[in-house]
Each structure stands twice: as C-alpha cells, then as structure tokens.
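Undergrad: My questions all concern the structure below.
The values are calculated or read from the model by the stated rules, or taken from the named source; none is laboratory data. Predicted model, so just to flag it, every value in this text is computed and none were measured. Counting neighbours? That spans all protein chains shown, and the Cβs are built from the backbone with ideal geometry, glycine included. The protein model used for the area step is the full one, side chains on, heavy atoms only, and it has no ligands, DNA or RNA in it. Shrake-Rupley method; radii C 1.70, N 1.55, O 1.52, S 1.80 Å.
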Amino acid sequence: MRTTTKLALGTALALGLGATTAMAGTVKIAFIDPLSGPFATTGTNGLAEFKYAADQFVNSKGGVLGGDKFQIVPFDNKISPKESLIQLQVAIDQGIRFIAQGNSSGVANALTDAIKKHNRRNPNDRVLFLNYSAVDPALTNAKCNFWHFRFDANADIKMDALTDVIKANKKLKRTYLIGQDYSFGKAVAAAAVRDISAKIPDMKIVGNELHPIGRVKDFTPYARKIVASGADDVITGNWGSDMVGLGKAVIDAGFKGPIYTYYAAATGITRTFGAAGKNIIRLVQEGNYNPPASKAVDQYVSGFKAKYPNKDITQARIANVIRMLKAAMEKAGTDTDVVKIAYAMEGMQMDNFWGGKLLMRAKDHQMIQDVYITVHTDEGITHPLDNSKYGLRTEKVIKMAGLNSPTTCKMKRP
Amino acid sequence: MDMVLVNLIDGLVTGLLLFMLSSGLTLIFSMMGVLNFAHASFYMLGAYFAYQISTYVGFWPGLFIAPVLVGLIGAMIERYGLRRVHQYGHVPELIFTFGLALLMEEVVQFFWGKNQLPYESPKILDFTLFSIAGNAIPAYKMFIIFAAMGIFLALLYVLTKTRIGLIIQAALRHPRTVEALGHNVPFVFMGVFGVGTGLAGLAGVIAGPELGTFPGMAALLGSIVFVTIVIGGLGSLWGALLASLLIGWITTFAVAYNVAFADILEALGLSRPADLASSAWRDLWTLTMPQIGPILPYLLMIIVLVFRPYGLFGKRDL
C-alpha cells in the first residue's frame with residue numbers, strides 16, 4: 001500500500017516537474033531581492049512593479065515572439081550576498097535564464113562575478129544579469145562584463161547631474177555633505193567632492209562627514225552643525241530611518257535651503273516628511289511621473305495604484321527593463337539564446353516610457369537616460385506617494401545624462 | 001558660545017527623554033530584581049499607540065491614553081507572565097523579557113508595517129519658540145523639557161512624601177517585613193511594573209514625533225537605557241536623572257565638535273607618523289569625536305563601574 005502511494009506521489013511529482021519544464025511559451029525572470037527582514041518593503045515593492053510591468057508591457061499585449069509570456073519568479077536573498085548566490089544557483093537549476101536584482105551593490109557585485117563564472121563554465125545554459133537598481137560605478141567600470149546590464153543611472157551619473165543643477169543655481173555657494181559611514185555613503189561624498197571641485201570652483205564644501213549607519217538616535221547635533229556652517233544646500237545619500245531622522249532634524253533646526261538626496265521618497269518617507277519637507281527635500285532619480293509625460297504614463301501609474309493600493313511606483317526603470325528585454329528578444333528573434341539577446345540589447349535605442357530616449361551604451365552596458373531632479377511638494381502632483389497628498393514634482397531634467405561619461409570597461413564579448 | 005547654549009538645550013532634551021525611560025527601569029530593577037529587556041519595547045508601544053490614537057482624536061488625548069494603555073499591558077504582563085516565571089529564578093525572567101522584546105517588535109510590524117509612521121507633534125506646538133544664532137529651538141523641545149521635569153518632580157513627591165512611596169521604599173529593602181505588616185507586596189510589585197512601563201510608554205508618546213516612530217526605535221535605545229541606570233546607581237531616581245543628563249550632553253557635544261584625535265595626540269607631544277597608511281596607529285590618528293560619540297556612554301559606564309561599582313547614587317553593590 002505504502003509503496004503504491006509513494007509511486008503515485010513520485011509519478012505525480014515527475015509529471016508536475018515535466019509539465020513545468022515542458023511549458024513552452026513562458027519566459028521566466030528570477031527576481032532575487034530581499035523579501036523578508038528589514039529591507040522587505042523595498043524588495044516587495046520592486047517585485048510588484050516587475051509583475052505589473054510584465055503584465056502591462058508583455059502579457060496583456062499578446063506576449064513576446066508570438067505569444068510567449070513573461071513570468072516573474074521571486075527569490076528571497078535577505079539582502080545577503082551569500083544567500084543571493086544560493087538563490088542564483090536555484091534559479092539557474094530551475095532553467096531560468098534572466099536574473100533581475102537591484103537592492104545593494106554588495107549583492108550585485110557578488111552576482112555579477114558569479115554569473116560571469118557560470119557563463120564561462122556552462123556555455124549551454126548562460127544567463128543574463130538585469131541589474132535594475134545597484135548603482136556602484138564599479139559594476140560598469142572595473143567589474144563590467146558582457147552579461148551585466150544596468151538600467152539605473154549609476155551614482156556618478158546622478159552626482160554629475162546633481163552638480164549641474166547646483167552649478168546653475170547661483171544662490172548656492174556653500175555645500176554640506178553628510179552620509180552614512182559605509183561604502184555607498186563614502187562613494188557619494190567622494191563623487192560630490194570630485195564633481196564640485198572640478199565644475200564649480202567657487203563653491204565651498206563647508207562640511208563633509210559620515211555618521212554611524214542606523215545607530216544615531218537623534219540627528220539634532222548634526223543639524224546644528226549644518227546650520228552653524230552657513231550651508232546653502234545639503235547633499236546626502238542617506239536612506240531609511242537615517243534619511244527621515246536627518247531630514248527632520250535639519251528642517252527643525254531652521255534650515256531652509258535644498259536638501260539633495262538619492263532616496264528620500266516613498267515607503268513611509270514621503271508621508272513622514274509631509275508639510276515640513278515641502279520645497280526642501282529634493283531627489284535625483286532616473287524617471288518621474290509628476291507631471292506625467294504621456295497619457296500612457298498616467299494610466300500606467302493609476303493602474304498600478306488600483307492594483308496595489310499600499311505600494312507605489314518607486315523605480316521607474318523597472319518598466320524599461322521589461323520593455324527593453326522584450327524589444328531585444330524581438331530583435332534577436334529568440335527568447336532563449338541569451339547571447340543573441342545580449343548582442344541585441346547592446347547599443348539598443350528606444351523611447352523611454354517616462355519620456356525622452358533610452359540608450360544601452362554598448363561599451364559598458366550602462367543605460368543612458370534622462371535624469372530628473374524632483375522636489376517634494378503637494379502642488380502640481382498628479383500621483384502622490386505613500387497615500388499622502390505629497391509627491392515628487394519634476395523640477396529639472398538633464399537630457400541623456402552621462403552620455404559621454406568615461407568608463408574604464410574593457411568588454412570581452414563571446 | 002551661542003552654539004554651546006544650543007547644544008546644552010539639545011542635550012537636555014535627549015537626556016530628559018532618556019530619563020523618562022530609565023526612571024521606570026531603575027525602579028523595576030531595584031524592587032523586583034528584574035532586568036527588563038523589554039523596557040524599550042514599551043517605549044515603542046507607547047509611540048505606536050499614541051500614533052493610532054492621534055489619527056482619531058489628535059495628539060493630546062493620546063498623550064494621556066497611550067501611557068495608561070501601555071501601563072495596563074505592563075501590569076498584566078507582570079501579573080500573568082513575569083510572576084509565574086519569577087519562582088524559577090533570574091535567568092528565566094531574563095529570557096522571558098528578552099523574548100517579550102522580540103515579540104513586541106514583530107507584533108508592531110504585523111499591525112503597523114515596517115515603514116516609518118507619520119506621527120507628528122501637535123500643530124499648536126509646531127512653531128519656532130526662539131532662535132539662537134540661526135538655530136531654531138522648536139516649541140516641542142521645550143514641551144519635552146517641561147513634561148519630563150514635571151514627571152521627575154511628581155515621581156519624587158510620590159516616592160518620598162506619600163504613604164504609597166513609603167510602602168514602595170520599604171518593599172524595596174525588606175519585602176518580607178512589609179508583607180508581615182499586612183501589605184499586599186505582589187500588588188505593589190504589579191503597580192510598580194505598571195507605572196514603570198507606563199512611564200516608558202509616555203516617553204514613547206513624547207519622543208515618537210521627535211526621534212521617529214519605526215520598528216527599530218526600541219533597539220536603538222535598548223542598550224543605552226541599561227547603561228544609564230548602571231551609571232546612576234540602581235534604584236536611585238536622582239542617579240537616573242543625573243546619568244541621563246550626563247549621557248545626553250556627552251553624546252550631543254561629542255557630535256557637535258569635530259575634535260580630531262590627531263590634534264589631541266599632537267598636543268600630547270606625539271608626532272604624526274610620516275607614513276600614516278602603513279602605521280599600526282592610523283585608525284587612531286584619523287578618528288574624530290563624532291565617530292566615537294556613540295561609544296562614549298559605554299566608556300563612562302566602565303569607568304563608573306571601576307571606581308564606584310554601585311553607581312553614582314547607588315546604595316548597594318551590584
């Protein structure tokens with residue numbers, strides 16, 4: 001009796017497995033990002049954006065190459081590089097050929113190395129790395145490889161755009177740099193010092209300091225120093241509660257100038273800043289929808305909000321990941337041969353869904369796109385964030401930011 | 001000089017917030033011998049309750065309702081949890097409160113999510129009271145100072161001038177004798193635990209808008225509260241106050257001035273190594289005061305433990 005049950009179970013399992021592998025017409029994309037732990041909010045929000053983009057741009061439009069559908073398969077990496085490599089192997093073993101990841105450059109660095117190695121050793125089941133968010137410049141410079149494509153503007157490009165805007169504002173004479181004491185905080189500070197001293201010689205950097213990450217109870221003393229330094233503007237790469245704590249303390253201390261940030265929006269931050277941050281908090285980002293560039297953008301954002309009432313479109317680039325992948329598959333005429341798809345994606349140009357153009361630069365696989373400086377406000381906001389009245393309104397657009405930015409990448413192609 | 005004044009005020013605010021937490025903890029510890037690891041979690045609970053209440057009826061009712069709710073929860077936990085564990089000794093008690101802290105963090109995330117909440121100070125206090133050299137002092141900070149001072153005076157009065165205080169103080173030293181005199185000592189314990197956690201809740205209500213209301217807020221303060229009561233002396237209200245203020249000022253002033261260790265070392269007559277990158281002491285030479293600010297209270301604790309193991313105002317050995 002028992003053997004029969006086992007046999008039946010085994011057969012069912014085998015059939016089930018067979019069915020999944022044989023299910024033609026599905027392009028699986030592994031989404032490897034934190035889905036539990038302290039960064040789960042960011043991860044789950046990104047997952048929802050990926051699923052929605054796949055539905056909107058591919059599955060509801062008849063799929064790719066005559067009907068193949070995109071399927072996003074989530075893998076929880078708990079934001080650990082080690083765990084990510086395990087999940088990568090699981091994904092590859094499941095026959096997935098497209099890996100999407102974004103949160104933490106530490107994870108992206110581990111993944112790009114692992115994928116490079118895997119593709120060299122296993123020429124028959126190579127995979128592509130769609131990096132949708134990790135902004136460490138090294139990924140498209142010293143560590144670049146043929147399989148890695150970055151869809152966000154990297155930290156250097158963003159800082160370049162930001163310093164262009166600061167330079168154009170003649171009222172800003174003194175800048176204060178503050179960040180979390182770890183690799184990204186240091187990278188932002190270094191890029192700011194480099195760009196400011198190169199481009200704006202009469203700008204004075206009146207403060208450049210790092211604070212312990214996630215350990216500061218009260219940012220008031222830092223805020224006092226910023227006010228006392230006579231700074232006209234503040235640049236910070238802070239995120240999470242360090243961002244809110246710093247921003248609130250600086251505003252409470254009487255600071256009125258712009259606070260330029262990378263990540264001071266959504267996941268509770270916009271709602272918490274509310275009226276206090278109005279016209280003070282600014283973001284540098286790669287896409288924005290206030291005002292929406294087209295009717296399609298408007299409908300896309302509204303549709304997302306209707307489907308996920310407690311989430312927001314926070315990473316505009318995710319829509320472009322899906323769109324460009326689909327276009328590359330169509331151009332290559334295949335959705336399984338990743339070498340052909342990667343060649344198709346290299347140097348690819350297309351319209352940016354959020355307005356402007358897209359160019360996947362061939363020499364380093366860095367996406368070139370418009371970079372936006374946006375301001376936290378409740379005026380002229382079509383699509384607010386965090387279910388509040390506040391959102392981000394476009395203030396400046398830097399067309400095709402970093403188009404001619406240098407790279408040390410020496411791409412080796414198969 | 002202006003900045004010194006501003007930092008004195010900021011440090012006072014930080015210190016007094018710390019005092020509201022540590023006063024309850026020190027009473028609970030000295031009376032029941034329970035190291036309540038979950039104390040900062042009651043502080044977090046206070047902030048979350050007050051936020052929820054403020055979305056319905058505004059800040060002020062929350063200021064009174066939330067601490068009472070937290071205190072009631074605390075009393076219930078003492079009555080039905082801690083008292084049962086108590087008979088098995090101190091280690092099970094420790095583990096119990098430790099588990100409670102983890103549980104509360106999960107519960108809070110379950111109901112309110114992982115994001116920071118938009119819990120704000122009341123509109124009526126949302127203005128700049130005065131400015132010193134361009135540095136605004138918000139009215140809410142002054143409110144914190146007065147509220148904490150009021151609590152200190154009220155506690156001091158109750159403990160030293162009333163009959164309840166007399167019984168509490170007696171139960172602290174000689175619980176058996178007090179019981180023999182006909183007082184319900186377990187009830188006193190429950191009351192002290194309830195009031196102590198209620199105070200922590202009140203600290204949360206007041207600190208939530210100032211320091212942020214998010215799931216990590218308890219962990220951020222958890223260890224520093226213990227440092228405070230050890231420095232101040234276990235069971236001493238004055239000690240808790242003094243230690244809180246000391247820590248508040250130390251951490252504020254450490255961040256406020258960019259004192260580099262290189263300057264101090266040079267002032268001591270040491271010369272900077274020519275090749276800093278390969279020197280074994282390069283970390284020491286490049287340190288600044290704001291970087292080591294967060295560990296200064298712990299350093300102070302060690303110094304106090306070495307020279308006065310019973311704390312600044314403590315009456316007995318640890």
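Undergrad: For residue A:209, which sequence-distant residues (separation of 5 or more, or a different chain) have an amide H within less than 5 Å of its own amide H, given hydrogens modelled in the peptide plane?
TA: Those lying under 5 Å, H to H, from residue A:209 are A:177, A:178, A:179.
Undergrad: Same structure again: Lysine pairs in region A:356-414 with Cα distance under 25 Å, only those 8 or more apart or on different chains: how many are there? Numbers along the way, then the final one.
TA: Details: A:357/A:396; A:357/A:399; A:363/A:399; A:363/A:410; A:363/A:412.
Eligible lysine pairs with Cα atoms under 25 Å apart amount to 5.
Undergrad: Ok, one more. Counting only other chains, and only Cβ atoms inside 10 Å, what mean value do you get across the residues of A:31-38?
TA: Values: counts 0, 0, 0, 0, 0, 0, 1, 4.
Mean shielding count: 1.
Undergrad: Still on this model: Rounded to whole Hz and in sequence order, give me ³J(HN,Hα) for region A:173-187 from the Karplus expression 6.51 cos²θ - 1.76 cosθ + 1.60, θ = phi - 60°, writing x for Gly and Pro.
TA: 10, 10, 10, 10, 9, 9, x, 6, 7, 7, 3, 5, x, 5, 4
Undergrad: Something else about it: Go through A:191, A:206, A:249 and say which Cα lies farthest out towards the positive end of the charge dipole of region A:183-288; charges sit on Cβ, +1 for Lys and Arg, -1 for Asp and Glu.
TA: Going by the charge dipole, the pick is A:249.
Undergrad: May I ask you to order A:259-267, A:332-340, A:95-103 by the average number of other C-beta atoms within 10 Å around their residues, highest value first?
TA: Working: A:259-267: 23.7, A:332-340: 16.8, A:95-103: 22.1.
Those peptides, ordered most packed to least, come out A:259-267, A:95-103, A:332-340.
Undergrad: From the phi angles alone, apply the Karplus equation (6.51, -1.76, 1.60; θ = phi - 60°) to region A:74-79 and give each ³J(HN,Hα) in whole Hz, x where the residue is Gly or Pro.
TA: x, 10, 8, 9, 6, 6
Undergrad: Further question on the same structure: Rolling a 1.4 angstrom probe over the protein chains, ignoring ligands and nucleic acids, what is the accessible area of residue A:144 in square angstrom, nearest 10?
TA: Result for residue A:144: roughly 20 Å² accessible.
Undergrad: Further question on the same structure: What's the average, rounded to a whole number, of partner chain beta-carbon atoms within 10 Å of each residue's beta-carbon in B:109-117?
TA: Values: counts 2, 0, 0, 1, 5, 10, 12, 12, 3.
Mean shielding by partner chains, rounded to a whole number: 5.
Undergrad: List the residues of region A:249-283 that lose 50 Å² or more of accessible area once all protein chains are present, compared with their chain alone (1.4 Å probe, heavy atoms only, no ligands or nucleic acids).
TA: Checking the loss per residue gives A:252, A:271, A:272.
Undergrad: Total accessible area buried between chains A and B, 1.4 Å probe, in Å² to the nearest 100? If you can, show how the numbers build up before the last one.
TA: Working: alone 17520 and 16220 Å², together 31200 Å².
The buried area between A and B, both sides summed, comes to about 2500 Å².
Undergrad: On average, how much accessible surface per residue is there in region A:36-173, in Å², for a 1.4 Å probe, leaving out ligands, DNA and RNA?
TA: Values: 5050 Å² over 138 residues.
For region A:36-173, the per-residue accessible area is 37 Å².
Undergrad: If you take the beta carbon distance between residue B:109 and residue B:129 as r and set R0 to 41 Å, what does 1/(1 + (r/R0)^6) give as a FRET efficiency, to the nearest 0.05?
TA: On the way: r = 35 Å, r/R0 = 0.86.
Here the calculated transfer efficiency is 0.70.
Undergrad: While we're on this one: What figure, in Å² to the nearest 10, do you get for the accessible area of residue A:36 with a 1.4 Å probe and non-protein molecules left out?
TA: 50
Undergrad: Considering only DSSP beta bridges with both partners in the protein assembly as shown, what is the antiparallel share in %, to the nearest 5? Could you put the intermediate results ahead of the total?
TA: Values: 23 of 58 bridges.
The answer is about 40 percent antiparallel.
Undergrad: In addition: Using Cα pairs under 8 angstrom and six or more residues apart, how large is the relative contact order of region A:251-409, in percent? Intermediate values should be presented prior to the final figure.
TA: On the way: 273 pairs, mean separation 45.3, N = 159.
It comes to 29 percent, rounded to a whole number.
Undergrad: Restricting the calculation to Cα positions, tell me the Rg (one decimal) and the Dmax (whole number) of region B:2-256 in Å.
TA: For region B:2-256, the Cα-based Rg and Dmax read 18.2, 62 Å.
Undergrad: Tell me the carbon and sulfur percent of the accessible area for region B:61-151, rounded to whole percent, probe radius 1.4 Å.
TA: Values: 3530 of 4890 Å².
The nonpolar share, carbon plus sulfur, comes to 72 percent.
Undergrad: In whole Hz, with x marking every Gly and Pro, tabulate ³J(HN,Hα) for region B:198-208 from phi via Karplus 6.51 cos²θ - 1.76 cosθ + 1.60, θ = phi - 60°.
TA: Going residue by residue, I get x, 4, 4, x, 4, 4, x, 4, 7, 7, x Hz, with x marking Gly and Pro.
Undergrad: Keeping every protein chain in place, order B:19, B:29 by accessible area at 1.4 Å, biggest value first, i.e. largest first.
TA: These residues rank, largest area first, as B:29, B:19.
Undergrad: In addition: Ignore the peptide's own chain and count Cβ atoms of other chains within 10 Å of each Cβ in B:291-298; give me the average, rounded. Walk me through the intermediate numbers first.
TA: Working: counts 5, 1, 5, 5, 2, 0, 0, 0.
Neighbouring Cβ atoms belonging to other protein chains average 2 per residue here.
Undergrad: Collect residues whose amide H, placed 1.01 Å from N in the peptide plane, falls under 5 Å from the amide H of residue A:73; neighbours closer than 5 in sequence don't count.
TA: Residues meeting the amide H criterion: A:29, A:30, A:31.
Undergrad: Taking only Cα atoms, what is the 0 to 90° angle, nearest 10, from helix B:90-112's long axis to the longest principal axis of chain B?
TA: 80
Undergrad: Okay, moving on. Treating the Cα atoms of chain A as identical point scatterers in vacuum, please give the log10 of the normalised Debye intensity I(q)/I(0) at q = 0.07, 0.08, 0.10, 0.13 Å⁻¹, two decimals.
TA: Debye output, listed in q order: -0.34, -0.44, -0.68, -1.12.
Undergrad: Considering just Cα atoms, how many Å³ per residue does the convex hull of region B:138-265 enclose? Walk me through the numbers before you get to the answer.
TA: Values: hull volume 18.6 nm³, N = 128.
For region B:138-265, the hull spanned by Cα atoms encloses 145 Å³ per residue.
Undergrad: Still on this structure: What do you get for the angle between helix A:81-93 and the principal long axis of chain A? Use alpha-carbon atoms, 0 to 90 degrees, nearest ten.
TA: 30
Undergrad: Sticking with this one: Quick check: from the Cα gyration tensor, does region B:148-208 come out rounded (a/c under 1.5), prolate or oblate? Each step should come with its number before you reach the end.
TA: Numbers: a/c = 3.80, a/b = 1.89, b/c = 2.02.
Since a/c reaches 1.5 but b/c is at least a/b, the shape of region B:148-208 is classed as oblate.
Undergrad: While we're on this one: Using a cut-off of 16 Å between alpha-carbon atoms, which aspartates and glutamates can reach residue A:173, once sequence neighbours fewer than 8 places away in the same chain are excluded?
TA: Straight-distance partners of residue A:173: A:164, A:195, A:202, A:232, A:233.
Undergrad: What are the residues whose amide H is under 5 Å from the amide H of residue A:281, where those residues sit 5 or more places off or on another chain and H is modelled from the backbone?
TA: Residues meeting the criterion, in which the H sits 1.01 Å from N, are A:259, A:376.
Undergrad: I've got another one for you. Pull up the cross-link candidates among the aspartates and glutamates for residue A:307, meaning alpha carbon to alpha carbon under 16 Å and not fewer than 8 places away within one chain.
TA: A:49, A:55, A:298, A:386
Undergrad: Report, in cubic angstrom per residue, the convex hull volume of the C-alpha atoms of the protein assembly as shown.
TA: On the way: hull volume 155.1 nm³, N = 732.
That works out to 212 Å³ per residue.
Undergrad: Using a 1.4 angstrom probe, figure out how much accessible area region B:2-256 has per residue, in square angstrom, rounded to the nearest whole.
TA: Details: 10390 Å² over 255 residues.
Normalised by residue count, the accessible surface of region B:2-256 is 41 Å².
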